[in-house]
Structures are given as structure tokens and as C-alpha cells.
Amino acid sequence: MMILDRGGKCVCSVLVTLLVGCLLLCSCGRADLSDTEQLPQTFVEADTLYKAGRYEQAAKMYDRTAEECSGRESLQSLCYYRAGVAYSQTEQWGWAIVSYRKALLLTPDYKEARHNLRLAEEARMNMPAMEYPIVRRWADSCAYALPMSGWLVISIVLFVGAVVTCLAFFLGRSRRVRRTSFYAMLILLLLWGCTLLMILHRRHYDKQTDVAIVCSVKAPLYALEDDPAVAEPVTELYDGAELRVASTAEGGSYLHIVLPDGTEGWLPKDNVESVAVNQ
């Protein structure tokens, strides 16, 4: 009878922990992005331009508003999101992707921005070098299925559950209780490890500021061992191509870039826009 009571208490503890965690998870949500208190006049003007179908002018006005709203992250993120929508209307996919990425740097759990970013990436001119490895794409899908606060809650719940089952394993007197607790502990630890990987993945990519996007119809890519000022390009990158800036050449006219597949080369600086946000 004592064994059953002790095992029952352990099970109840795990269930209560999971229940509390689920309640906390349900209460988690992204911050309100509609920071409409005292909207700048430029924001109102940008909305007017967008409604009038002057999308490119509206996008530039949203960008200007975002730069003027430094320090107000919710409003700044909203401005970049609206700019991305406006750029998408004119099929300027590079600038749209830059705008959505900036919005996500400020507010990583901005679901609308992430959804539109995926649409823009699908609409751009694809080429093999622009495609992410399948593991990265799978990790992104999993990591951004929940907000960061949700992953933190799940991680805590799983860790507490693993501790409880560990105690049940060492304190249990029945072989059945010990065996069940042992396997439950292994499963919970495995799941806890997976949640930690999701959290680390998000912490890395949410603040990745060395990413840049090609924002021109075509951009010539020169071999890394050549002098880009006199050499012939080895290939071309298209509007919306994503890359990482490794360094800047002497004179500042060319960037040493790295594509997602590891290809390196020189690219004219004027064809590239960074996703870093001025805060």
C-alpha cells in the first residue's frame, strides 16, 4: 500500500507539473505589434500612399518611419512589416525579404512577418545556391512553431518531470515502479534535450545580423581569388538571394560573401542590403 501511495504521489506530481506548464504555455503570446499610441505622421502618410496603390513610395515612407521610431521596437517592427508588404506588391522580393527579416529581428515571434517572409522567399527567383540544407529548414519549422516563451515553459516542465521520475526511480521499492520511472525519465530527458536545441537554434538565428540580401534584379559574383575590379563574373545572383557578409574589400566597393551552400566570392556592395536594424 505504501508503494502504491508513493508511486501515486510521483505520478500526481508529474501531472500537476505538466498541467501548470500547459496553462502557462496557453497564456504565452507575442507582444502586441499594433502600437497605435501617437502614431507618427509619416506612418499615417505611408498608409495613405499604400491605400492609393503607390506601393513603392509607401514602402520607402514605412522605412523612413521605422528609422525615426528607434527605441519603439513594436512600432518599428510593424513599420518594417508594412514596408515588406508594400515591396511585395511591386515584386521587389529582395527588399521585401530585408524588411520582413528586420521585423523579425525586432520581434522574433511576429507570425505574420514570418509567414510573409516564406511567401517572398518562395516567390523570388530560386537557384540551388540559395537553398538552405534540409536540416536547417526542418529545424526552422520546428523552432518557430512556438514562441520562445513556449519553448522555455516546455523545457522547464520536462526538466521538472525528469527530476520527479528520477526521484521515483531511486525511492521506489517496486521493480515495476522503478522500471517505469527509469524509462519515463529517459524519455523526458530526451525531449528536454530537444527543446534545448530548439531554444539554442532560435537564440542563434533570432539575432543573426551578418545576413544580407541581394536587392537587384541580378548581381555579378566574382571568384574569391580574382580581382573583382577587372575579372569576369563566374555567375550571377538574383533578387532575394540570401548570403552572409564575411568582410569588405579594400576601398569598400566589394563584399566577401558566403552563400548558404558554402560558396564564397566577391559581390558589389551596391547590390546588397544588410538585415541589421539601427536601434
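Do we have any residue at all in segment 213-229 that's touching a residue at least 24 places away in the same chain (Cβ under 8 Å), within 26 Å of VAL98 (Cβ to Cβ), acidic (Asp, Glu) and surrounded by 14 or more Cβ atoms within 10 Å (Cβ to Cβ)? No, because not a single residue in segment 213-229 is touching a residue at least 24 places away in the same chain (Cβ under 8 Å), within 26 Å of VAL98 (Cβ to Cβ), acidic (Asp, Glu) and surrounded by 14 or more Cβ atoms within 10 Å (Cβ to Cβ).
Is one or more of the residues making up segment 252-264 of a type in the set (A, V, I, L, M) and closer than 23 Å to THR90 by Cβ? Write out each step before concluding.
Let us first name the residues in segment 252-264 that are of a type in the set (A, V, I, L, M), namely 255, 257-259.
Those still in the list that are closer than 23 Å to THR90 by Cβ too: none.
No - not one qualifying residue is present in segment 252-264.
Condition first: part of a strand (DSSP E or B) and either touching a His at 6+ places or on another chain (Cβ under 6 Å) or more than 15 Å from VAL211 (Cα to Cα) (or both). Now tell me which residues in segment 238-264 satisfy that.
At the first step, the residues of segment 238-264 found to be part of a strand (DSSP E or B) are 238, 242-248, 254-258, 264.
Of everything in segment 238-264, those that are part of a strand (DSSP E or B) and either touching a His at 6+ places or on another chain (Cβ under 6 Å) or more than 15 Å from VAL211 (Cα to Cα) (or both) turn out to be TYR238, ALA246, SER247, TYR254.
Filtered by the rule that a residue be in a strand (DSSP E or B) and of a type in the set (D, E, K, R), segment 221-237 gives a lone residue, GLU236.
Residue check: is GLN57 of a type outside the set (Phe, Trp, Tyr) and free of Cβ contacts under 8 Å to residues at least 24 places away in the same chain?
Numbers: of a type outside the set (Phe, Trp, Tyr): yes; free of Cβ contacts under 8 Å to residues at least 24 places away in the same chain: yes.
Answer is yes for this residue.
Does VAL258 meet the test of being aliphatic (A, V, I, L, M), in contact with a helix residue (DSSP H, G or I) (Cβ under 7 Å, 6 or more places away or on another chain) and closer than 29 Å to ASP63 by Cβ? When the stated conditions are applied, VAL258 does not pass them.
Can you tell which of ASP35, ASP47, ASP5 is over 24 Å from MET148 (Cβ atoms), among the acidic types (Asp, Glu) and either modelled with pLDDT of 55 or more or surrounded by 15 or more Cβ atoms within 10 Å (Cβ to Cβ) (or both)? Steps first, answer last, please.
On the way: ASP35 fails: over 24 Å from MET148 (Cβ atoms); ASP5 fails: either modelled with pLDDT of 55 or more or surrounded by 15 or more Cβ atoms within 10 Å (Cβ to Cβ) (or both).
On inspection, the qualifying residue turns out to be ASP47.
Residues that are under 29 Å from the mean Cα position of the chain (by Cα), surrounded by 14 or more Cβ atoms within 10 Å (Cβ to Cβ) and among the aliphatic types (A, V, I, L, M) within segment 230-248 comprise LEU237, ALA241, LEU243, VAL245, listed in sequence order. Checking each residue in segment 194-212 for being without any contact (Cβ under 8 Å) to a residue 60 or more places away in the chain and surrounded by 17 or more Cβ atoms within 10 Å (Cβ to Cβ) picks out THR195, MET198.
When the helices (runs of 4 or more DSSP H) confined to segment 42-129 are screened for residues that are touching a Gly at 6+ places or on another chain (Cβ under 9 Å) and of a type in the set (D, E, K, R), those reaching at least 2 such residues are found at 93-106.
Name the residue, out of ARG82, ARG64, ARG101, that is buried (at least 17 other Cβ atoms within 10 Å of the Cβ) and modelled with pLDDT of 95 or more.
Numbers: ARG64 fails: modelled with pLDDT of 95 or more; ARG101 fails: modelled with pLDDT of 95 or more.
On inspection, the qualifying residue turns out to be ARG82.
Reported count of residues in segment 86-104, each being touching a Ser or Thr at 6+ places or on another chain (Cβ under 7 Å) and over 14 Å from GLU121 (Cα atoms), is 1.
The values are calculated or read from the model by the stated rules, or taken from the named source; none is laboratory data. As the structure is a computational prediction, the values presented were derived from the model and not from experiment. All Cβ positions, even for glycine, are placed from backbone atoms using ideal geometry, and neighbour counts span all protein chains on display.
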